[in-house]
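What follows draws every value from the coordinates through simple rules; no lab data is involved. Bear in mind the structure is a predicted one, so any value in this text is a computation, not a measurement. Cβ placement follows ideal geometry from the backbone for every residue including glycine, while neighbour counts extend to all protein chains displayed.
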Amino acid sequence: MDANQARMARAALKLSVREVGDLAKVSPNTVTRLEAGLPVNNSTSAAIRIAFESAGVEFIEENGGGPGVRLKKRDA
């Protein structure tokens, strides 16, 4: 997950920096650092990614069109 994907994921879920921090059990400042492309620990980045995935985001890797995110399909 890169900084752009983190910002896109948060926007797709309509979450604040504080809400993401609460879900990932990290400080809101850490979320802001990640979204700004500043260094964060790998374990911290992983915790934020897991929080996004648990909330319904799928991360799309580079496939010629650039990395991105999408919301998971909900079961009917």
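Quick notes on this structure:
- Other-chain or far-sequence residues with amide H under 5 Å of V69's (modelled H): I60
- Here the gap between E19 and S54, fully extended at 0.36 nm per residue and compared with their Cα-Cα distance, gives a gain of 11.3 nm.
- Applying the criteria of a DSSP loop state and at most 12 other Cβ atoms within 10 Å to the trypsin sites (Lys or Arg not before Pro) of region 1-31 yields K14, K25.
- Note on region 31-76: percent of Cα-Cα distances in each 5 Å bin, starting at 0 and stopping at the bin with the largest distance, equals 5, 18, 21, 25, 20, 8, 3, 1.
- Difference of contour (0.36 nm per residue) and Cα-Cα distance, L38 to R74: 9.7 nm
- Dipole size of the chain about its Cα centre, with +1 on Lys/Arg Cβ and -1 on Asp/Glu Cβ: approximately 240 debye, rounded to the nearest 20.
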